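Chemist: I'd like to ask you about the structure that follows.
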Amino acid sequence: MRLTINGEQKDISEGVNNIDKLLDSLSIKKQSTAAELNGKIIGQKEWNSAALKDGDRLEIITFVGGG
Amino acid sequence: MSAFEEGIKKYFSDEQLVKIRRTKIGIAGCGGLGSNISAALVRCGFADFEIIDHDVVEASNLNRQNYFLDDIGMSKTEATAKRLISINPDLSISAKKLFLDQNNIAAQFKDRDIVFEALDSAEAKKLFLETFGNTKKLVIMGSGMSGISNEKPIAVRTARENVYIVGDEESDISSGLPPLAPRVIACAAMMAGVALEKVLS
C-alpha cells in the first residue's frame, strides 16, 4: 500500500494497517508524537483503530522538549 | 487610552489595530516561550489574554524568561500579568494557576481565537495538539529551541491549515542542551509573529 507520509510517498507492507503499527514499523517514539490522517488529528487512543488504506495522507509530528 | 496605545498608532492603521485588539489569545505555559511570546504580543497591540501556568519564578529562570529579580517566588502567571500591564495597562488578562493535564486541558481556552503551546515537555506538546488541533482555533506551537548552535535554524512549519510549529524540531532539552536566551527568545518572537501575520492577513 502506498501512503503519503509528511509529503513523501512511501510503500508500506499490507500488514501495517493502522497508525499504531505504522509508527512501530518506522521506530518512532510514540509518547512524543502526534499523528494526522487525511487532515484530522487522531489521538493516540485511536491509533489502534485508525485503519490505513492505499492513498492515505499522514502527517507525523514528533515533538522535542523545551519551552 | 494609554500612552502605549497612542504610540502604537505610528505603526498600524486603525483598521489593523481593531483586528489585533479583538483577537482573543490563550497561552499555555509562562516559561521561556510563554513569558516572551506574551510580551511580544502586547508590544504588537494584542490586548486580550488568558494565560495558564502552575509554576513560580525561580532564579534559574532569569537566564531566558521575561522576569526580573523581584519576581522570584511569585507565580509566573501573576508575574507575567504584572509585566504585561507595565507595557500597556489597557489589557484584559485572565491568569490561571493550573498544571495542564489530560483531565483539564480540553476545558481551557474555550473562547480563544489563537492558542499558543508554550509547555515544557514533548508529551504535553503532543497533548496540546491532540486537544486543539481539530478545532477552528489557530494553534501555534514551539518545538526545538534549546542549545547554542544555530546550525539548525528556528523555522516556521505549517503542519496543517491551522497548526504552525516553530523551532528546529530537533534540539531537545531532555538530551542535555540548555535552554538559553538567544534561541528561546527567537522562537517565542517568531511564534508571536505568526499570530500577527495571520490576524492581519
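Taken together, the values in this text are just the output of simple stated rules run on the coordinates, not laboratory data. Source: prediction; values computed, not measured. Methodologically, a virtual Cβ is constructed for each residue, glycine included, from the backbone with ideal geometry; neighbour enumeration extends over all protein chains shown.
Chemist: Separation between the B:Ala107 and A:Lys45 pseudo-spin-labels, each 7 Å from Cα along Cα→Cβ, expressed in nm?
Modeler: 1.6
Chemist: Okay, moving on. What value, in deg cm²/dmol to 500, does the helix sum -39500 (n - 2.57) over DSSP H runs of n ≥ 4 give at 222 nm once divided by the residues of chain B?
Modeler: About -10500 deg cm²/dmol.
Chemist: List the residues, sorted by chain then number, that are 5 or more residues from B:Ala159 or on another chain and whose placed amide H is less than 5 Å from its amide H.
Modeler: Correct list: B:Tyr164, B:Ile165.
Chemist: Could you derive backbone 3J(HN,Hα) for region A:42-59 from the dihedral phi with the Karplus parameters 6.51, -1.76 and 1.60 (θ = phi - 60°), listing whole Hz in sequence and x where the residue is Gly or Pro?
Modeler: Along region A:42-59, the couplings run 10, x, 4, 4, 9, 5, 6, 9, 7, 6, 9, 9, 3, x, 5, 10, 10, 10 Hz.
Chemist: For peptide B:122-133, how many partner chain Cβ atoms fall within 10 Å of a residue's Cβ, on average?
Modeler: Mean shielding count: 6.
Chemist: Then there is this: List, in order, the whole-Hz ³J(HN,Hα) value for each residue of region B:141-150 obtained from phi through the Karplus relation with A = 6.51, B = -1.76, C = 1.60 and θ = phi - 60°; use x for Gly and Pro.
Modeler: With coefficients 6.51, -1.76 and 1.60, one gets 10, x, 8, x, 8, 8, x, 10, 6, 9 Hz.
Chemist: Next question. Once both labels are modelled 7 Å past Cα along the beta-carbon direction, what's the B:Asn63-A:Gln9 spacing in nm?
Modeler: Spacing of the two 7 Å Cα→Cβ label points: 4.8 nm.
Chemist: Quick one: grab Rg to one decimal and Dmax as a whole number for chain B, Cα atoms only, in Å.
Modeler: My reading of the Cα-based Rg and Dmax gives 15.9, 47 Å.
Chemist: For peptide A:52-61, what's the mean number of Cβ atoms from other chains within 10 Å of each residue's Cβ?
Modeler: Mean shielding by partner chains, rounded to a whole number: 2.
Chemist: Please give the net charge around B:Lys97, taking every other residue with its beta carbon less than 12 angstrom from that of B:Lys97, where Lys and Arg add +1 and Asp and Glu add -1.
Modeler: Once all neighbours under 12 Å are counted, the net charge is -1.
Chemist: What is the distance in Å between the Cα centres of region B:159-190 and region A:8-67?
Modeler: A separation of 22 Å, based on Cα centres.
Chemist: Also: Antiparallel as a % of all DSSP beta bridges within chain B, to the nearest 5?
Modeler: DSSP beta bridges in chain B are roughly 20 percent antiparallel.
Chemist: To the nearest 0.05, what FRET efficiency results for A:Lys53 and B:Phe99 with a Förster distance of 41 Å applied to their C-beta separation?
Modeler: 0.55
Chemist: Looking at region B:60-153, which trypsin sites (Lys or Arg not before Pro) are DSSP coil and have at most 13 other C-beta atoms within 10 Å of their C-beta?
Modeler: B:Lys110, B:Lys136
Chemist: Also, I was wondering about something else. I'd like to compare B:167-174, B:101-108: which one has the highest average count of other Cβ atoms within 10 Å, and what's the full order after that?
Modeler: B:167-174, B:101-108
Chemist: Tell me, what ³J(HN,Hα) does each residue in region B:115-123 have, in order and in whole Hz, if you take phi through Karplus 6.51 cos²θ - 1.76 cosθ + 1.60 with θ = phi - 60° and put x for Gly and Pro?
Modeler: 10, 9, 9, 9, 9, 6, 8, 4, 5
Chemist: Given contacts defined as C-alpha pairs under 8 Å and at least six residues apart, what's the relative contact order of region B:68-150, whole-number percent?
Modeler: 24
Chemist: In nm, give the distance between the simple-model label positions of B:Ala155 and B:Ala181, each being 7 Å from the Cα along the Cα-to-Cβ direction.
Modeler: 2.8
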